[in-house]
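Here's the structure we're looking at; comments come further down.
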Amino acid sequence: MNRLHHSLRFKLALTFAAFGAAVSLLLALGLSFTAHNLGERLMDETLRAEIDDYMSRRLRNPNSLPPATLSIRGYVLTRGQGTDDIPPELRALDAGKYQLTLEQTPYRVTVVDQGGERYFMLFNEMRQRHREEAFLAYLVAGALIMILLSAGVGWWLAGRVVSPITELARRVNRTHPEDDALDVAQGFSADEIGQLAQVFGAYLRRMRAFIDRERDFTADVSHELRTPLAIVQGVVEIMEDDSLLQDKQRERIARIGRANREMVSLTTALLLMAREDAADEAVKQTCDVCEVVNTTIEMQRHLLSSNTRVELVCNSHPHIAAERMLLSIVVANLIRNAFTHTASGIVSITVEENSLTVSDTGTGIRGEEIGKVFQRHFKGSGSTGSGIGLSLVKRICDRYGWETLIDSTEGRGTSAQLLFSTTP
């Protein structure tokens, strides 16, 4: 129902109904006002004609009685004549036209002075009011019928007007960038809708060209970048097995190896994120969060100072439906940030059924910087990174529907909580 109320067809039909209602209301008010005024004029003319007729008859026969019917009542007041038969409401009236109620009956009254006599002529308005009420009821019924007809015609016309837009929306919704973009615009006339369809077709063609370029770039990067990284990793492993190396040389080679592995992981993650079907492939895999956390801690342990202690608590062993590499990227960024910014104290890592929490007693984040930590290339004060770690974390979380919450106090530490779904 809410979707119907927001549809273009409903809005157009409602506009037609409102227009019909406004026209009907104005017409009904105009007719009702005209009928009422016309009725009053007819009553006044009738009363004047009755007075003229009675005065002419009275000239011929002074004993003529005033009219006394269901609709017309007359009275005459002469000098020296008693006024007992004249209602007291009439006696105080001067010459003119009036409306008053006698014995709960509404009357239209005309008073005329002539020849020293005062003539009162009354018209019973009850039947006239009944006719006006009946006429008003007909007007209301006609207005309702007009509104319904306007709504029906508006709904039909809106359907005719909106149907090309609906068809265009259906085609665009069902069209993939790999499809022929010309199919979207076929069959539309050369009006505004046809022009819009042509715009969508051109946009889909540009998107298809972009996707082709992106696929070619992904394939080239996958081959050209992974191959030298694999060679570097192989050379590092060979050099690490050299027994003639000194400790400082071995430490430098280990740093090269760690940087190379991080580059391989980052490259893999970026390639996965760049592929349109990465999300579909991700849900086909599951991984143990605790196992990923343990592995990440060992890989990042070289960042810990001698005065920092790590506490890991796995209250649950959730299995996440996600690409292991992407989950490792998220976990590694949270743990690496905690290790890097904690010169001394404790880094506490807790795994629950639906969350992972990494808390530290490090330097913390300034209050004005917390809202910017997920921005691309943003580096807080004292940071030596590239500023893409947490922005990449946010992109991965957005893909899987996870959420990352950061709470920090400058000088006291930071707590990062990852909320995820445990559905395999």
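Does the stretch 324-355 hold any residues that are in a loop (DSSP other than H, G, I, E, B) and either outside the structural domain of Gly389 (by TED's automatic domain parsing) or in contact with a Phe, Trp or Tyr (Cβ under 9 Å, 6 or more places away or on another chain) (or both), and which are they?
Asn354
Answer yes or no as to whether Ile365 is surrounded by 18 or more Cβ atoms within 10 Å (Cβ to Cβ), farther than 23 Å from Ala259 by Cα and among the aliphatic types (A, V, I, L, M).
yes
Scan the stretch 256-264 and give yes if some residue there is in contact with an Asp or Glu (Cβ under 8 Å, 6 or more places away or on another chain) and modelled with pLDDT under 80, otherwise no.
Among the residues of the stretch 256-264, at least one is in contact with an Asp or Glu (Cβ under 8 Å, 6 or more places away or on another chain) and modelled with pLDDT under 80, which makes the answer yes.
Can you tell me which residues in the stretch 401-421 are touching a helix residue (DSSP H, G or I) at 6+ places or on another chain (Cβ under 7 Å), closer than 22 Å to His317 by Cβ and among the hydroxyl-bearing types (Ser, Thr, Tyr)?
Residue satisfying the conditions is Thr404 alone.
Give all pairs with beta carbons closer than 8 Å in which a residue from the stretch 57-73 that is in the same structural domain as Met43 (by TED's automatic domain parsing) and of a type outside the set (A, V, I, L, M, F, W, C) meets a residue that is part of a loop (DSSP other than H, G, I, E, B) and surrounded by 10 or more Cβ atoms within 10 Å (Cβ to Cβ); count only pairs at least 6 apart in sequence or on separate chains.
Going by the 8 Å Cβ cut-off, the qualifying pairs are Arg57/Ser64; Arg58/Ser64; Arg73/Pro66; Arg73/Pro67.
For Glu125, state whether it is surrounded by 14 or more Cβ atoms within 10 Å (Cβ to Cβ) and touching a Pro at 6+ places or on another chain (Cβ under 8 Å).
So Glu125 passes the test.
Could you please let me know if Lys97 is in a helix (DSSP H, G or I), in contact with a helix residue (DSSP H, G or I) (Cβ under 9 Å, 6 or more places away or on another chain), basic (Lys, Arg) and assigned by TED's automatic domain parsing to the domain that holds Ile165?
No: the conditions fail for Lys97.
Out of Leu418, Leu356, which single residue is within 30 Å of the chain's Cα centre (by Cα) and modelled with pLDDT of 90 or more?
Sole residue among the options that is within 30 Å of the chain's Cα centre (by Cα) and modelled with pLDDT of 90 or more: Leu418.
Please work out which one of (1) surrounded by 17 or more Cβ atoms within 10 Å (Cβ to Cβ); (2) more than 24 Å from Val292 (Cβ to Cβ); (3) modelled with pLDDT of 85 or more is the condition Gly380 fails and give its number.
So Gly380 meets the others, but not (3).
Which residues, counting only those in the stretch 279-299, are modelled with pLDDT of 85 or more and part of a helix (DSSP H, G or I)?
Within the stretch 279-299, Val289, Cys290, Glu291, Val292, Val293, Asn294, Thr295, Thr296, Ile297, Glu298 qualify.
If Ala22 satisfies all but one of (1) within 30 Å of Ser163 (Cα to Cα); (2) in contact (Cβ under 8 Å) with a residue 40 or more places away in the chain; (3) of a type outside the set (Lys, Arg), what's the number of the condition it fails?
In the conditions (1) within 30 Å of Ser163 (Cα to Cα); (2) in contact (Cβ under 8 Å) with a residue 40 or more places away in the chain; (3) of a type outside the set (Lys, Arg), Ala22 misses (2) alone.
The values are calculated or read from the model by the stated rules, or taken from the named source; none is laboratory data. The structure displayed is predicted, hence computed values, not measured ones. In this analysis, Cβ positions are derived from the backbone assuming ideal geometry, glycine residues included, and neighbour counts consider all displayed protein chains.
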